[in-house]
Amino acid sequence: MHAEPPGDAALDDGKGPWHRGLTRYHWFVLAVAALGWLFDTMDQQLFNLARKPAMEDLLGTGDANRVNFYGTVATSIFIVGWAVGGLFFGILGDKIGRAKTMLLTILIYSIFTGLSAFSFTVWDFAFYRFLTGLGVGGEFAVGVALVAEVMPDHARARALGWLQALSAVGNMTAAMIAITLGSIADTGMDSWRIMFLIGTLPALLAIVIRMKLKEPERWQKAAQVKEADPMAADDAIGGAEVEAGPKLGSLAELFGDPRWRRNTIVGMLLAFSGVVGLWGIGFFSFDLIRDVFADAARQMAIDSGLEDEAAISAFAGKKLTQWTGYVSLVQNAGAFFGIYAFSVITERIGRKPTFAIAFLLAMFSTAFTFLFLGRIAGFYDVYWMIPIMGFCQIALFGGYAIYFPELFPTRLRSTGTSFCYNVGRLVAATGPLALGGLITVFAEYGETDTSLPLRYAGVTMCAAFLIGLCALPFAPETRDQPLPE
């Protein structure tokens, strides 16, 4: 049985490493929240890696433009589910608690990931991805709220940075699964279906959450005040006088107070920019790899002595699955260091300057990668362009994990964080559709090089990073500030 210390329990003299004074329970909470998000991101990446072969199988065609188009549709539906689930479970996290809500979200995304393996058409596949998205979207807000409220102020930013950095390990785990499936002998089942079956394993983490994890003391105090007197001011934590009658998880209060309303809109625009950049462009690098190196995979099959068309296609498909696994692995290795770099730099120069640098780097690195991948050093471009793009793009998400919980009070923290991240994501669901539309527009350029439509569409979409840059002047600076109450 763990006794939870207060969120700011550790005495702090302002000197020493960020983890000074942390107890075993602090580390336990960080580990559970990080594992929940790690498995969440593993699920996301399994989808990205399996998307193209799944579309080819379910559509019964290898036509690149048609497969890419339906892949963007499935991605947008997944993101919509993510946004809806994030909003619902974000509010629920404020109302019933962080730990209970985390348990529900992990069970949902695990179960429906497994069911995706049994899809027969593009549309039931997309339906399962929508339901999976409900759980995937809800986990982030409650996880970062949990860590932000349990950790002492001096350790909060670095702990949240590590939580988000470990999400890259989830993505890398998915990549290793893809690489393994691409190299083993035929199992009698499509590799993309096996990937989704493996995605059910995170459900085991729910057992640990149910047995050991407690609600943060900050949230318990807020909930006790409301239970004792529904009209009481929410001054149980910080002692600050606030408006009478606050509610846990209230969207009306989130937009009724000018301070929280401004923070919400700014956070949503920051999230929209990064999510479009990653899910509307960056994660389609896996599809780009398949377009750029499809001929090379077929040639390897022919060189190995295969003559039957079905055997050549099967060999090439396995090789491309393996290669996309390598791409995911190096992209997320870069992402790990990008997120960690954001958490270190933001503690030195502030949240807003670090975001500005990250948006610019993400825009230029993404455009460069989509335009030149495979054109400078062939396949070896994967090993330096993709990690740089991953570093720059996903560093932004380290910023979201650190910054969004600092924008809202305890009674609205999960709701506000979820609204920023998931309404931004809901609007950003148009990103993959826009990419798919641009691919169609640029289709005429793909007669001699099938990768050109996706290349040109990706470069055009990089303008999305400018939206986050334009929102920064209106954002509050929260470095060295306590959580608002």
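The values are calculated or read from the model by the stated rules, or taken from the named source; none is laboratory data. Keep in mind that what you see is a predicted model, and the values were worked out from it rather than measured. Every residue, glycine among them, receives a Cβ derived from its backbone with ideal geometry; neighbour counts consider all protein chains shown. Please note that ligands, DNA and RNA were not included when accessible areas were found on the heavy atoms of the full protein model with its side chains. Shrake-Rupley method; radii C 1.70, N 1.55, O 1.52, S 1.80 Å.
Key figures
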{"item": "Packing rank of 320-332, 168-180, 288-300, where each peptide gets the mean count of other beta carbons within 10 Å, highest leading", "result": "320-332, 168-180, 288-300"}
{"item": "Extension gain, MET176 back to LEU371 (0.36 nm per residue minus Cα-Cα distance, nm)", "result": "67.5 nm"}
{"item": "³J(HN,Hα) computed for each position of the range 265-270 - Karplus, 6.51 cos²θ - 1.76 cosθ + 1.60, integer Hz, glycine/proline x", "result": "5, 5, x, 5, 5, 4"}
{"item": "Cα→Cβ-extended label distance, 7 Å offset, between ARG261 and ASP124, nm", "result": "4.7 nm"}
{"item": "TYR380-LYS100 pseudo-label distance in nm [points 7 Å out on the Cα-to-Cβ vector]", "result": "5.8 nm"}
{"item": "Phi-based couplings in Hz for the range 358-372 (Karplus 6.51, -1.76, 1.60; Gly and Pro marked x)", "result": "5, 4, 5, 5, 5, 5, 6, 5, 5, 4, 4, 5, 5, 7, 10"}
{"item": "Length-normalised contact order for the chain - Cα pairs under 8 Å, 6+ apart - percent", "result": "24 percent"}
{"item": "Modelled FRET efficiency - R0 56 Å, ALA311 with PHE364, Cβ distances, 0.05 increments", "result": "0.85"}
{"item": "Between helix 309-349 and the chain: long-axis angle, C-alpha atoms, 0 to 90°, nearest 10", "result": "30 degrees"}
{"item": "Highest-first arrangement of 158-164, 142-148, where packing means the average Cβ count within 10 Å", "result": "142-148, 158-164"}
{"item": "For the chain, accessible area per residue (1.4 Å probe, heavy atoms of protein chains only), Å²", "result": "37 Å²"}
{"item": "Surface share of carbon and sulfur [accessible, 1.4 angstrom probe, percent] for the chain", "result": "66 percent"}
{"item": "Backbone N within the range 407-449 under 19 Å of label point (7 Å from GLN224 Cα along the Cβ vector)", "result": "410-412"}
{"item": "Those residues of the range 63-82 whose amide nitrogen sits under 20 Å from the label point placed on ILE302, 7 Å along Cα→Cβ", "result": "63-64"}
{"item": "By average C-beta atoms within 10 angstrom, highest first, the peptides 109-118, 470-479, 84-93", "result": "84-93, 109-118, 470-479"}
